[in-house]
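The values are calculated or read from the model by the stated rules, or taken from the named source; none is laboratory data. This is a predicted model, so every value here is computed, not measured. When we count neighbours, we look across all protein chains shown, and the Cβ atoms used for this are built from the backbone with ideal geometry, even at glycine.
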Amino acid sequence: MLKVNLRHLEENGIHLQGELPVAELALGVNDELVHAEKPLRYDLNVEQLHDALLVTGSLALPLACECARCLKKFKTELKLAGWAAHLPLEGEDKVPVKNDCVDLTPFVREDILLDFPQHPLCKPDCAGLKKKAARKAVAEEKPVAAVWATLDKLKLK
């Protein structure tokens, strides 16, 4: 888990840098085309602003994907370079504090899921399997035409 101890924030902000295993993120994504197998890399600054925490920095999650058009395997990285979260410590929307610590994992998870690729492409102009399908259609067209030509020659009287 990615936790921040509030006592460490009383005087100055803190810098968090490291990796979080995918299992701890608990993404809960069962996508056949996108797989998160390597740890999330984070580089975050955390400050306490009166009655809230301000978390800023970057998140990067390597992904193994299959192109939705051509099914080619490729690797990419989900990057949130200017990531920020404002987490209230008081009021109706306050974040849970347990043993003077705030768990940032649910907020990181939420923003990663919002940016998760829904239709991964190996490249933006991927033509997909259309060319192969077009060749098959032309190949199938000839035998069908030949059959009709043979039937047209029949004289049924």
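Consider the range 95-112 and keep the residues that are under 16 Å from residue 47 (Cβ atoms) and touching a Pro at 6+ places or on another chain (Cβ under 8 Å). The one that is surrounded by the fewest Cβ atoms within 10 Å (Cβ to Cβ) is 95.
The one condition from (1) more than 30 Å from residue 128 (Cα to Cα); (2) small (Gly, Ala, Ser); (3) in a loop (DSSP other than H, G, I, E, B) that residue 68 does not meet is (1). Scanning the range 37-63 for residues that are of a type outside the set (Lys, Arg), more than 19 Å from residue 83 (Cα to Cα) and within 26 Å of the chain's Cα centre (by Cα) yields a total of 1.
With respect to being in a strand (DSSP E or B), under 15 Å from residue 107 (Cα atoms), of a type in the set (Val, Ile, Thr) and within 22 Å of the chain's Cα centre (by Cα), residue 76 falls outside the description.
Among residues of the range 55-94 being touching a Pro at 6+ places or on another chain (Cβ under 7 Å) and loosely packed, with under 15 Cβ neighbours inside 10 Å, the one that is nearest to residue 122 (Cα to Cα) is 75.
How many residues does the range 25-43 hold that are of a type in the set (Asp, Glu) and surrounded by fewer than 13 Cβ atoms within 10 Å (Cβ to Cβ)?
The number of residues fulfilling the criteria is 2.
Residue pairs whose Cβ atoms lie under 7 Å apart, separated by 6 or more positions or on different chains, with the first residue in the range 35-51 and among the polar types (S, T, N, Q) and the second in a strand (DSSP E or B), are 45/15; 45/56; 45/57. Being in a strand (DSSP E or B) and under 24 Å from the mean Cα position of the chain (by Cα) is a property that residue 85 has.
Scanning the range 6-23 for residues that are more than 19 Å from residue 86 (Cβ to Cβ) and either touching a residue at least 60 places away in the same chain (Cβ under 8 Å) or hydroxyl-bearing (Ser, Thr, Tyr) (or both) gives 7, 20. Residue-level check: of (1) farther than 21 Å from residue 9 by Cα; (2) in contact (Cβ under 8 Å) with a residue 24 or more places away in the chain, residue 92 misses just (2).
Considering the range 113-143, and only residues there that are exposed (fewer than 10 other Cβ atoms within 10 Å of the Cβ) and modelled with pLDDT of 65 or more, the residue that is nearest to residue 82 (Cα to Cα) turns out to be 114.
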